[in-house]
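Read-outs: derived from the displayed coordinates by stated rules, not from any lab. Because the structure is a prediction, the values reported are computed rather than measured. So basically every Cβ, Gly included, is an ideal-geometry build from the backbone, and we count neighbours across all protein chains shown.
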Amino acid sequence: MRLRNVPLTVMLAALCALRCNGGSSTSPTGFQLAITVALQNSAQAATILDAQLVIDGVLVQETTESDPASLAQLVSTGFLVAGSHSLSVVIAAQTSTPNNYTSPSPDIRVFDLNGNLVKELRLATQSANLATGQGISYSFSL
């Protein structure tokens with residue numbers, strides 16, 4: 001398995017450019033995050049070749065399998081500003097399409113800028129029949 005991790009700090013810079021320009025003269029409240037999410041073939045069939053973690057429309061992590069797998073684990077850390085956010089786990093490549101996938105309880109640990117745990121978000125398990133390029137999506141707020 002090959003992991004490609006685009007740091008959330010890159011995403012934060014993009015989000016800050018969008019959210020920090022224009023309205024307020026005060027700095028947004030930021031948080032450190034540790035995100036763990038999985039995409040699993042519901043029948044345990046080895047169909048996953050490439051899975052992606054997308055936060056607010058920005059690719060932050062990608063797994064590429066040389067051999068098909070039944071499970072892709074995506075883990076990323078970084079920073080986000082306070083507010084509403086979206087998280088999607090996308091099947092970017094698979095051996096056949098569509099397939100039934102489950103994303104079991106994504107975990108988002110939220111820390112203040114001093115590294116103190118503020119809260120842990122456990123999102124609901126979701127399942128869907130996904131064609132290549134489709135994903136399971138969540139919303140969360142910091």
Tell me which residues, restricted to segment 108-117, are out of contact with any Leu (no Cβ under 9 Å at 6 or more places or on another chain) and in contact (Cβ under 8 Å) with a residue 12 or more places away in the chain.
Asp112, Leu113, Gly115
Looking only at segment 68-100, count how many residues are surrounded by fewer than 17 Cβ atoms within 10 Å (Cβ to Cβ), among the small types (Gly, Ala, Ser) and under 10 Å from the mean Cα position of the chain (by Cα).
1
Among the residues of segment 54-61, is any surrounded by 14 or more Cβ atoms within 10 Å (Cβ to Cβ), charged (D, E, K, R) and farther than 14 Å from Thr36 by Cα?
yes
Can we say Thr77 is farther than 24 Å from Ser141 by Cα, of a type in the set (Val, Ile, Thr) and out of contact with any Pro (no Cβ under 7 Å at 6 or more places or on another chain)?
no
Being outside any loop (DSSP other than H, G, I, E, B) and surrounded by 11 or more Cβ atoms within 10 Å (Cβ to Cβ) is the filter here; which residues of segment 121-142 pass it?
Leu121, Gln126, Ser127, Ala128, Asn129, Leu130, Gly135, Ile136, Ser137, Tyr138, Phe140
Is it the case that some residue within segment 90-98 is polar (S, T, N, Q) and touching an Asp or Glu at 6+ places or on another chain (Cβ under 9 Å)?
yes
